[in-house]
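The values are calculated or read from the model by the stated rules, or taken from the named source; none is laboratory data. Remember, it's a predicted structure, so these values are computed and weren't measured experimentally. A quick note on method: Cβ atoms are made from the backbone with ideal geometry, for glycine too, and the neighbour counts reach across all protein chains shown.
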Amino acid sequence: MRETKLPYKETAPGYADPEERARSASDRRQALLFTLDEQRYALPLSTVERVVHMVAITPLPQAPAIVLGVINVHGRLMPALDLRRRFRLPLRDVSLTDRLIIAHAADRVVALAADAVSGVLGYCARDAVAAHDIVPGVAYTEGVLRLADGLVLIHDLGGFLSLDEQAALDRTLAGS
């Protein structure tokens, strides 16, 4: 009877082929989880700069409807955006318990008002379904993440502001 030797990676517990490790590392993603009206949403962590407590928001006349106003974060002025309006949720006044997610949207840094921020979630890319695979043409959404306790929409800030909204915001900020 001929004896066959198994490759080392199959005989040593915990051994991972370097190619396999690289593949699984590139499959890993991280997202910041936040809530609006008890619904969980996420942003790719790579777009998030930080999370801060709610601060006073100064309204901007003539700003697009999605813009709550402007805030000052450590000497840096940035627009505060209303996620509720963008996601067609019931509008409500901001609260001191709310959070602001400072994130990069296209070519500008913005503050996104959220009810709460849950933390950072690590997941595999294969656990997310691309939004265009579910509903072609859906805006602002990169994908849907399947978790054991429900679904989470992962949002894409790259196209969050339309070109018209960006232009109107630029004009408003330049005039104030």
- Query: Only one residue in 50, 92 is out of contact with any Leu (no Cβ under 7 Å at 6 or more places or on another chain), surrounded by fewer than 15 Cβ atoms within 10 Å (Cβ to Cβ) and part of a loop (DSSP other than H, G, I, E, B). Which one?
  - Reply: 92
- Item | strands (runs of 3 or more DSSP E) contained in the stretch 105-164 and holding at least 3 residues under 25 Å from residue 91 (Cα atoms) | 108-114, 116-124, 141-147, 150-155
- Task: Could you tell me whether any residue of the stretch 136-148 is in contact (Cβ under 8 Å) with a residue 60 or more places away in the chain, farther than 17 Å from residue 80 by Cα and either touching a Gly at 6+ places or on another chain (Cβ under 6 Å) or surrounded by 12 or more Cβ atoms within 10 Å (Cβ to Cβ) (or both)?
- Result: yes
- Query: Only one of 156, 115 is touching an Asp or Glu at 6+ places or on another chain (Cβ under 9 Å) and at pLDDT below 90; which?
  - Reply: 156
- Task: Inspect the stretch 96-104 for any residue being assigned to a loop (DSSP other than H, G, I, E, B), at pLDDT 90 or above and of a type in the set (Asp, Glu) and give the result as yes or no.
- Result: yes
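Here is a check on your reading of the model: is residue 75 free of Cβ contacts under 8 Å to residues at least 24 places away in the same chain and surrounded by 11 or more Cβ atoms within 10 Å (Cβ to Cβ)?
Details: free of Cβ contacts under 8 Å to residues at least 24 places away in the same chain: yes; surrounded by 11 or more Cβ atoms within 10 Å (Cβ to Cβ): no.
Here the answer is no, as residue 75 does not meet what is asked.
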